[in-house]
C-alpha cells in the first residue's frame, strides 16, 4: 500500500496532480483544499489513500493528515463514496468541516451538491464524536462560504480561470453546459474571483 509520494509535481489542476517519482508518474486525485496547498510548489510530499476496485486502482492525495483523516471518516458513511468525499473536502477546508460536524450544522452540508438531507444527517450522526484530534481546534463555522467572494483576498482573474474551473467541475462529474453557466454568472458578479473560490462557489450552485 502506498502511504505517500515524494517527488516533482509535473502537472497540477484543481482536481489532480501528477507526481513523478523515480521516473514514474502517478496521477493522484485531489481536493480543492490540497490544490490550494500545492499551488506554487514544484515538488514535495503528498499523503496517499488508495482505492482499489476490480476495474480501477485510484490514488487520492492530501496535503495534510487532517484532510486525509476526514476523507477516511467520510468514506465510512453510507452513501458517501470517494468522489463525494472529495467534493465535500473541496467545499470546506478541514478545520471548517470539522466545526460543521462537531456542532451538528446540517445546512452547510445540505448546501453541497449531491448531499441531501438523509446523507447530511448520516454524516452528522456517524461522525460526531469520532474526530477527537480535529475537534480540539473546532470552533463555530461562522465563515461558511456564500455565493460570492466579495470582501475576500483573491487573485485577479486571468484568461485561464474560467476554463480551469469548468474543467475541474467536469472532472467532478458535473455537466459541462451547467458548469459553464454557473462559472459565467459567478465571474459576472465578481470579476476578481480566484479559481479556487470560483470552484467552491460553483459547487454550492450546481
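Of all DSSP beta bridges confined to the chain, the antiparallel ones make up roughly 95%. Is the stretch 161-205 rounded, prolate or oblate when judged by the Cα gyration tensor, a ≥ b ≥ c being the square roots of its eigenvalues, rounded requiring a/c under 1.5 and prolate requiring a/b larger than b/c? Here the stretch 161-205 falls in the prolate category.
Considering only 89, 18, 70, the mean-square fluctuation computed in a Gaussian network model of the chain, springs between alpha carbons under 10 angstrom, is largest for 18.
Spin-label pair residue 187-residue 103: with each label point 7 Å from Cα along the Cα-Cβ axis, the two points sit 3.4 nm from one another. Using R0 = 30 Å, the C-beta based FRET efficiency linking residue 42 and residue 1 works out to 0.65.
Under a GNM of the chain (C-alpha, springs under 10 Å), which listed residue has the highest mean-square fluctuation: 180, 68, 41? Residue with maximal mean-square fluctuation among 180, 68, 41: 41. Modelled this way, with points 7 Å down the Cα-to-C-beta line, the labels at residue 51 and residue 26 are 1.7 nm from one another.
Applying 1/(1 + (r/R0)^6) with r as the Cβ-Cβ distance of residue 78 and residue 178 and R0 = 22 angstrom yields a FRET efficiency of 0.20. Taking a ≥ b ≥ c as the square roots of the eigenvalues of the Cα gyration tensor, the stretch 1-130 is prolate, since a/c reaches 1.5 or more and a/b is larger than b/c.
Kindly identify the stretch 4-62 as rounded, prolate or oblate by the Cα gyration tensor criterion: order the square roots of the eigenvalues as a ≥ b ≥ c, call it rounded if a/c is under 1.5, otherwise compare a/b with b/c, prolate if a/b is larger, else oblate. Oblate is the answer for the stretch 4-62, as a/c is 1.5 or above yet b/c matches or exceeds a/b.
Each stretch of four or more DSSP H residues adds -39500 (n - 2.57); spread over every residue of the chain, this sum gives -13000 deg cm²/dmol at 222 nm.
Bear in mind that the values in this text are calculations on the coordinates, not laboratory data. Not measured: the values here are computed from a predicted model. Reconstructed Cβ throughout: ideal geometry from the backbone, glycine too, with neighbour counts over all protein chains shown.
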